[in-house]
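Engineer: Supplied in structure tokens, the structure appears directly below.
The values are calculated or read from the model by the stated rules, or taken from the named source; none is laboratory data. These figures come from a predicted structure and were not determined experimentally. Positions of Cβ are generated from backbone atoms using ideal geometry, with glycine treated the same way; all protein chains shown enter the neighbour counts. Calculation scope for accessible area: heavy atoms of the full protein, side chains included, ligands and nucleic acids excluded. Shrake-Rupley method; radii C 1.70, N 1.55, O 1.52, S 1.80 Å.
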Amino acid sequence: MPAPESVPMSISPSAPPPDLYPSVHNPASSRGEESKVLRTVPLLAACLPPGKCTVKIGRRFSEERDVELSTVCRDSGTLILYPGAEATNLEEFILDSPVYPSTIILIDGTWSQAKDIFYKNSLFRLPKQVQLKTSVCSQYVIRMQPTNRCLSTLECAAAALSILEKNNCIQETLLRPLQALCSFQLQHGAQIRLSKECLLKNGLYPKPMPKNKRKLRKMELLMNSVKI
């Protein structure tokens, strides 16, 4: 993902800001959200200069059909932002990496959709996998998140760019449209949505507990603040 030129920042001529590539946008995730004006990727694209944010829609990608994405994934300067046991904290990676990242890939969709896209597309095994180490709660308060630490695509991009450019002004600037979106929605009937983790801990989760053992286990982990 590229750092936005309109944002005040210090950029070394030898290390141009990276391109943002929320290339894996799930088509199913956007249908219901478009009518609710809740998606954050359009906000992200609008905040960045033309050509600096590439969005590819789909669930399955291959080297034969997606030559551009394949080229990006094989570039040594490309990172994919997705949490997991094999992911390196972005802050630590930047300190040790001899190569300045040129592109960051983000996966947009619900958490289950993002997991499906990440693990079922071999192309996404190619870039270096990084994650954000943060205890900040999401400002996307009109959507229910799995845990208090889950962030929207826009928030992830803002945090990543701020880390790469060592400039907190980037994050603050990119989050303003999200804050305005949430404020507008709340003024017109939307309600603040607590995370599933918070609802479960306080006995406020409105749905019956699942009978499926795997889903029930995930619920138990959320109640105990275990990272899943």
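Engineer: Let me know the shape class of region 36-78, please: from the alpha-carbon gyration tensor, a ≥ b ≥ c as square roots of the eigenvalues, rounded when a/c is under 1.5, otherwise prolate if a/b is greater than b/c, or oblate.
Structural biologist: oblate
Engineer: With a 1.4 Å probe and every protein chain left in place, tell me how much accessible area Arg60 has, in Å² to the nearest 10.
Structural biologist: Accessible surface of Arg60 is approximately 100 Å².
Engineer: Would you calculate the separation in nanometres between label points at Lys207 and Glu68, each defined as 7 Å from the Cα along the Cα-to-beta-carbon direction?
Structural biologist: Result: 3.5 nm between the two label points.
Engineer: How would you classify region 62-142 from its alpha-carbon gyration tensor, with a ≥ b ≥ c the square roots of the eigenvalues: rounded for a/c under 1.5, else prolate if a/b is greater than b/c, otherwise oblate?
Structural biologist: oblate
Engineer: Could I ask something else about it? For region 39-113, which GluC sites (Glu not before Pro) pass both filters: DSSP loop (anything but H, G, I, E, B) and at most 16 other C-beta atoms within 10 Å?
Structural biologist: Working: sites: Glu63, Glu64, Glu68, Glu86, Glu91, Glu92; in loops: Glu63, Glu64, Glu86.
In loop regions of region 39-113 (DSSP not H, G, I, E or B), the sparsely surrounded GluC sites (Glu not before Pro) are Glu63, Glu64, Glu86.
Engineer: Mind ranking Asp108, Asp96 by accessible surface for me, highest first, 1.4 Å probe?
Structural biologist: Details: Asp108 20, Asp96 125 Å².
Ranked list, largest accessible area first: Asp96, Asp108.
Engineer: First check a/c for region 54-208, with a ≥ b ≥ c the square roots of the eigenvalues of its C-alpha gyration tensor; if it is under 1.5, answer rounded, and if not, answer prolate when a/b is larger than b/c or oblate otherwise.
Structural biologist: prolate
Engineer: Could I ask something else about it? If I model a spin label as a point 7 Å beyond the Cα along the Cα-Cβ vector, how far apart are those points for Asn89 and Gln191 in nm?
Structural biologist: The two pseudo-label positions are separated by 3.7 nm.
Engineer: Which residues does the label zone of Lys166 cover in region 101-116, counting backbone N under 15 Å from a point 7 Å along Cα→Cβ?
Structural biologist: Label zone hits: 101.
Engineer: Given the pairs Lys128/Lys196; Lys56/Lys201; Lys115/Lys166; Lys56/Lys120; Lys52/Lys133; Lys52/Lys128, which span a C-alpha to C-alpha distance of over 27 angstrom in this model? Write out the running numbers ahead of the final one.
Structural biologist: Working: Lys128/Lys196 30 Å; Lys56/Lys201 37 Å; Lys115/Lys166 29 Å; Lys56/Lys120 16 Å; Lys52/Lys133 25 Å; Lys52/Lys128 20 Å.
Among Lys128/Lys196; Lys56/Lys201; Lys115/Lys166; Lys56/Lys120; Lys52/Lys133; Lys52/Lys128, the Cα-Cα distance tops 27 Å for Lys128/Lys196; Lys56/Lys201; Lys115/Lys166.
Engineer: Quick one: compute the contact order of region 73-180, relative version, from alpha carbon pairs under 8 angstrom and 6+ residues apart, as a percent.
Structural biologist: Details: 130 pairs, mean separation 32.2, N = 108.
It comes to 30 percent, rounded to a whole number.
Engineer: For region 139-203, which whole-number percentage of the solvent-accessible area (1.4 Å probe, protein heavy atoms only) is attributable to carbon and sulfur atoms? Could you put the intermediate results ahead of the total?
Structural biologist: Numbers: 1550 of 3090 Å².
About 50 percent, which is the carbon plus sulfur part of the accessible surface.
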